[in-house]
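No lab work stands behind these numbers, since they all come straight from the coordinates. None of these values were measured; they are calculated from a predicted model. Here the Cβ positions follow ideal geometry from the backbone for every residue, glycine too, while neighbour counts run over all protein chains shown.
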Amino acid sequence: MMKSRESFFRLGSFGRSFMVVLFLLLLSGWLFSAESNVSDVGASIHEPRAIKPLQAKLDPVYMVDVTKHPRFEAEMTLNNGKTLRFASVKSMMNFFYHPEKYPGYGVGPQGKEIDKLYVRDYLDGQKVPAEKAWYVFGSRLVGPHGDDLIPLSSKTRAELFVQRYGGTRIMSYGEMRKKGFGLIKYLDM
């Protein structure tokens, strides 16, 4: 015991400080782990914990509060009548192309459960079926999770939008779908 005490004092002030900090970190980690296990005393290690359901106002893909960005909001209705809300077109299309990445929403890997897609015209907030909307790519506007496609209810409105906010391309829903997931992935870079 005396040798370890003597070697502790021979470390110098930096070494002693380092050892004290390390000891305190280990002690605090042990205390916090013991505290978090108090509620699990009766639970088995092999029993899965109940997962809290996601709040309806959170985007399923980016976990962004949908209510904070109403101009970018998009919706997906399922055959069972359930509606999923998204923070943006990019988020909805990300889910659309890869629903298997987001289990728990009742959509299989083929997306057969998806009934309709809706977007909001950025300028007036009007709800528009996604297949009837026009989308501006490359504008100066930034969506809730970075670059995004800006939906508008007509090509004329999209052209007016480009004059005001810029944009490198106006696409119909069909053109956007032909670009596929690659376009969405590009927007997410």
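Applying the Karplus relation 6.51 cos²θ - 1.76 cosθ + 1.60 with θ = phi - 60° to the range 149-156 yields 3J(HN,Hα) values of 8, 9, x, 9, 6, 8, 5, 4 Hz, where x marks Gly and Pro. Normalised by the number of residues in the range 66-187, the mean separation of alpha-carbon contacts (under 8 Å, six or more apart) gives a relative contact order of 24 percent.
Given a cut-off of 25 Å, name the pairs among K57/K101; K112/K179; K132/K185; K68/K179; K68/K178; K57/K127 whose C-alpha atoms lie farther apart than that in the structure shown. Write down the numbers at each step before the final one.
Values: K57/K101 19 Å; K112/K179 20 Å; K132/K185 23 Å; K68/K179 29 Å; K68/K178 30 Å; K57/K127 17 Å.
Over 25 Å apart, Cα to Cα: K68/K179; K68/K178.
When only the Cβ of Lys, Arg, Asp and Glu is charged (+1, +1, -1, -1), the dipole of the range 136-189 relative to its Cα centre reaches about 160 debye.
For the range 98-149, the relative contact order is 19 percent, taking Cα pairs closer than 8 Å that sit 6 or more residues apart in sequence and dividing their mean separation by the residue count. Taking square-rooted eigenvalues a ≥ b ≥ c of the alpha carbon gyration tensor, is the range 46-166 rounded, prolate or oblate, where a/c under 1.5 means rounded and, failing that, a/b exceeding b/c means prolate? The shape class here is prolate.
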